[in-house]
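Have a look at the structure below, then the notes.
Since every read-out is calculated from the coordinates, none of them should be taken as a lab result. These numbers were taken from a predicted model, which means no experiment stands behind them. Here the Cβ positions follow ideal geometry from the backbone for every residue, glycine too, while neighbour counts run over all protein chains shown.
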Amino acid sequence: MPHPTERAILLIQTAFIGDVILATALLERLHQEHPNTPVDFLVRKGNEGLVKDHPHVRNVLIWDKKKDKYLGLGRLLRQIRATGYDQVITLQRFASTGMLTAFSGARERIGFDKNPLSFAFTRSVPHIIGEGLHEVQRNLMLLGADKEAPPTRPRLYPTAQDEAAAAQVAQQAHAGSYICIAPTSVWFTKQFPEEQWLKLLHALPAHYTIFLLGGPPDVAACEELRVASGQPNVQNVAGKLSLLASAALMRGAVLNYVNDSAPMHLCSAVGAPTCAIYCSTVPSFGFGPLSPHSWVVELEEKLACRPCGLHGYRQCPLGHFRCARDIKTTQLLAVLAERVSE
């Protein structure tokens, strides 16, 4: 444990995988501005693999929300206070992380004004959805960045082991050329439907090997898609790679087709070529791809019901799901053609 008088910063982001990835932009900015200041990172259990070997992170604190939510919160608060951080920054707008920040004992306690405990922060920042702001820009405002400043890209650092695992999968690609598809999402209305993925799989040039990506919960859905495709060049590697190994594999792809979900942010964090498919959500919410080679595909027709919500739903509120089902396969193929011609 560091000496209580040592100047150190704690970042708090205990939401989902994509949120943690986007938060790494702050690690980059802090390292640029304060290269000698130790930075610790608090994440929910299951996300620690993203940052445990990150070169700009000293220690990773883990909150097991499922097993030990409230007792664990108390232990974390005691740990945070004992460490004696100079600055604690929460990127979330929930009371739990607001409490950790407000009662951290840190000289500076920073968060968004929508956090219920923001009255106890030393500085609170407006949380603005829209106005062309990316989530990374919103987060960087917590460090004092101007909202008009271009976003610092999030960045992940796959280890040598991650790179080796990705290389082993990539070796299976015919002639070394492959495309990755991450077909699933936690939210139904953020997920391009299976029948739409099947249209794409049947239309993609046969000389590409297609790798279906996902975590352990996605294995069955990816296998179902592989079998339904009937395509010999489609391989299911879901559940076989860590998040960072998946990112390394995506970096070497000709193109990655993803939903508005965590794999899109993995691509952003390693500069992988990205085709982001938006169904019920829209890029203007501020969660779009940040890779230097990225494209957004969405329904060309304007729907009065779209967007229907910030995070997505477990089913289409109106039952038709046209925002996803009416996207044309030709739109997705056009992105590949543009990517190949670059």
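Normalising the Debye intensity of the chain to I(0), with uniform scatterers on Cα atoms only, and taking log10 at q = 0.13 Å⁻¹ returns -1.01.
Each stretch of four or more DSSP H residues adds -39500 (n - 2.57); spread over every residue of the chain, this sum gives -10000 deg cm²/dmol at 222 nm.
Overall form of region 1-155: rounded. Here a/c, set by the Cα gyration tensor axes a ≥ b ≥ c, is under 1.5. Net charge in the neighbourhood of residue 119 (other residues with Cβ under 14 Å of its Cβ; Lys, Arg +1, Asp, Glu -1) is +3.
Among the listed pairs 114/190; 190/302; 45/240; 52/240, those whose Cα-Cα separation exceeds 23 Å are 114/190.
Sum up the charges of everything whose Cβ sits under 12 Å from the Cβ of residue 28, counting Lys and Arg as +1 and Asp and Glu as -1, but leave residue 28 out. Net local charge, residue 28 excluded: +2.
Dipole magnitude for region 9-143: about 560 debye, using +1 per Lys or Arg Cβ and -1 per Asp or Glu Cβ, origin at the Cα centre. Report, in whole Å, the centroid distance computed from the Cα atoms of region 15-44 and region 267-342. Between the Cα centre of region 15-44 and that of region 267-342, the gap is 27 Å. With 0.36 nm allotted per residue and the present C-alpha distance subtracted, the residue 340-residue 302 stretch has 10.8 nm of extension available. Counting only residues at least eight positions apart within a chain, or on another chain, the aspartates and glutamates with an alpha carbon under 17 Å from that of residue 66 are 48.
Considering only 311, 287, 273, and ranking their Cα positions along the charge dipole of region 229-342 that arises from unit charges at the beta-carbon of Lys, Arg, Asp and Glu, the one farthest toward the positive end is 311. Between residue 293 and residue 147, the modelled label-to-label distance comes to 3.4 nm, taking each label 7 Å out from Cα in the direction of the beta carbon.
For residue 199, the lysines whose Cα comes closer than 16 Å to its Cα, not counting residues fewer than 8 places off in the same chain, are 328. Sort out for me the Cα centre separation of region 105-164 from region 176-227, rounded to whole Å. Computed from Cα coordinates, the inter-centre distance equals 32 Å. Remark: C-alpha extents of region 183-276 on the principal axes read 32, 30, 23 Å, sorted largest to smallest.
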